[in-house]
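Notes follow the structure.
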Amino acid sequence: MLALKAEQYMKFIKEVHSEISILKKNERNVINIASSYTYNKNYLPQVLSSYLKNNNNVNFVVVTDESSALFKKVCDKEVDVGFVRGTYNANICQKKICTAKAYLVTKRHFSKEKLLHLRKIEYKCSEKTRITLDNWIENNLNNNTSIINAGYVDVALEYVYNNLGFTCCFLDDNYLNIYNLVLTPLLDEDGEYITRNTWFIYNPAKKLSNCTKNFINYIESNIIGYDESNMNF
């Protein structure tokens, strides 16, 4: 009996500490955001800048990782909201922001025979993205070619420009092709574009602060449904 009461008391204390932590967080107006590397680099600064024009008392903490890991953080209530690349399944709120196409990226036009002998330039990405792109390479090129791991996709594109090989990646419609690289859309077996969605996600089971709820309303009203190539902030 005493052990049971002690366990109940400890649970109560833990809940009290959790509530106090939430109250303190509300006072600081901190929003924890999980964002993929490419979304964080190319779009999130504009999103936050626009939001802060009318909400300048809000603080943000942004964490980046592979989208699969970020999705898990949202599911596990470790962060408040997330911007992830690729579609994952869980009982959380997911709102589609946009869709990007996949491309074979080369320095210049190559015959298929010559493509088979080019190095493949890889980079850090989610397992889902890697499987999608590698499946296309396996079915259309040579997946046993020599490899260079460039670290990140923007660096991989620099490697392509410097004649180190080819890469496959998803590019947004407003990608600035400053090096005039050859972008060949990847098609599936039915001749359809291979695409990847970008999602805004949050877990309704997590107790969210008022400033986080306000931020969610802003995203849903101003960002959701707008193509990235036409975003006006």
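The values are calculated or read from the model by the stated rules, or taken from the named source; none is laboratory data. Since the structure is predicted, the reported quantities are computational estimates derived from the model, not experimental observations. In this analysis, Cβ positions are derived from the backbone assuming ideal geometry, glycine residues included, and neighbour counts consider all displayed protein chains.
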**Message:** I need the helices (runs of 4 or more DSSP H) fully contained in region 109-222, keeping only those with at least 2 residues that are in contact with a strand residue (DSSP E or B) (Cβ under 9 Å, 6 or more places away or on another chain) and closer than 26 Å to SER50 by Cβ.
**Reply:** 210-222
**Prompt:** Filtering region 35-77 down to residues that are among the charged types (D, E, K, R) and more than 18 Å from PHE215 (Cα to Cα), which residue is surrounded by the fewest Cβ atoms within 10 Å (Cβ to Cβ)?
**Reply:** ASP76
**Asked** With respect to the numbered conditions (1) touching a strand residue (DSSP E or B) at 6+ places or on another chain (Cβ under 9 Å); (2) more than 30 Å from ILE178 (Cβ to Cβ); (3) at pLDDT below 95; (4) polar (S, T, N, Q), which one is the sole condition not fulfilled by ASN59?
**Response** (3)
